[in-house]
Amino acid sequence: MEKLPELKYSYDSLEPYIDEKTMILHHTKHHKGYVDKYNNAIKETEYENKNVIEVIKNLESIEESKRTTIKNNGGGHINHSIFWKLLNKNGKKQPEGKLLEDIKNVFGSFEKFLEEFKKTALNHFGSGWAWLVYKDGSLKIYSTLNQDNPFMKNEIPILGLDVWEHAYYLKYQNRRNEYIESFFEILDWSVVEENYEYALKGEEEKIVY
Ligand code: MN
């Protein structure tokens, strides 16, 4: 069984970049809904005592009648758990160390990384997520549909941006580009650096929990 994680900050502390009302709805209604529906689906099954990452990585082994519910809601729970931890108005504004070096090696520069990530998030059609992912010793950027995530293809997310309209519509309406810019104002790069270390060590559960 999974729990809705508590946030380490108050709902109004990301203002004006993400407004209090959006945070309350997003955490207590959307994320809680994913947790409740996921728990309901795994109740009294062999998945009840496994952590959600293990379950989501083995979707093909789940009986067909429950697979979509577990995928969507387990994915939603993982994705939002990662997302909340990345946010902090007083966080670190730029990566350093190995993460910065590897970003430069893969994308050319930090600025080029930002450009590609923002473009991916902006151009994603419909609901989904934009990710920075660790896979086989390298980094890549891509987006996924709905509540899908990199774990579902055995890759490790170290940075994720929710581009569902529920994440920004109250404040930004159709202006997803402004929401994306705001995200980078409150993204704490020290958490992305930590996530990268966990990914390199194979401690992926620490990225989620
Ligand atoms: Mn969301």
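Each value in this text was obtained by applying a stated rule to the coordinates, not by laboratory testing. Values in this document were obtained by computation on a predicted structure and should not be read as measured data. Cβ sites come from the backbone with ideal geometry, for glycine too, and all protein chains shown count toward neighbours.
Of the numbered criteria (1) touching a Leu at 6+ places or on another chain (Cβ under 8 Å); (2) crowded, with 18+ Cβ neighbours inside 10 Å, the one residue 21 fails is (2). Taken over the stretch 5-42, the criterion of being among the hydroxyl-bearing types (Ser, Thr, Tyr), away from the ligand (no atom under 14 Å from the Cβ) and closer than 13 Å to residue 80 by Cβ is satisfied by 38 alone.
Can residue 112 be described as outside any loop (DSSP other than H, G, I, E, B) and surrounded by 15 or more Cβ atoms within 10 Å (Cβ to Cβ)?
Values: outside any loop (DSSP other than H, G, I, E, B): yes; surrounded by 15 or more Cβ atoms within 10 Å (Cβ to Cβ): no.
No.
For the stretch 27-59, the tally of residues that are more than 23 Å from residue 205 (Cβ to Cβ) and of a type outside the set (Asp, Glu) stands at 2.
Filtering the stretch 86-105 down to residues that are surrounded by 19 or more Cβ atoms within 10 Å (Cβ to Cβ) and more than 14 Å from the ligand (Cβ to nearest atom), which residue is farthest from residue 12 (Cα to Cα)? Please lay out each step first, then the result.
So in the stretch 86-105, the residues surrounded by 19 or more Cβ atoms within 10 Å (Cβ to Cβ) come out as 86-87, 95, 99, 103.
So of that shortlist, the ones also more than 14 Å from the ligand (Cβ to nearest atom) come out as 95, 99, 103.
Numbers: 95: 25, 99: 30, 103: 32 Å.
Out of the qualifying residues, it is 103.
Among the residues of the stretch 158-170, are any within 27 Å of residue 102 (Cα to Cα), surrounded by 14 or more Cβ atoms within 10 Å (Cβ to Cβ), away from the ligand (no atom under 16 Å from the Cβ) and of a type outside the set (Gly, Ala, Ser)? Yes, the conditions are met somewhere in the stretch 158-170.
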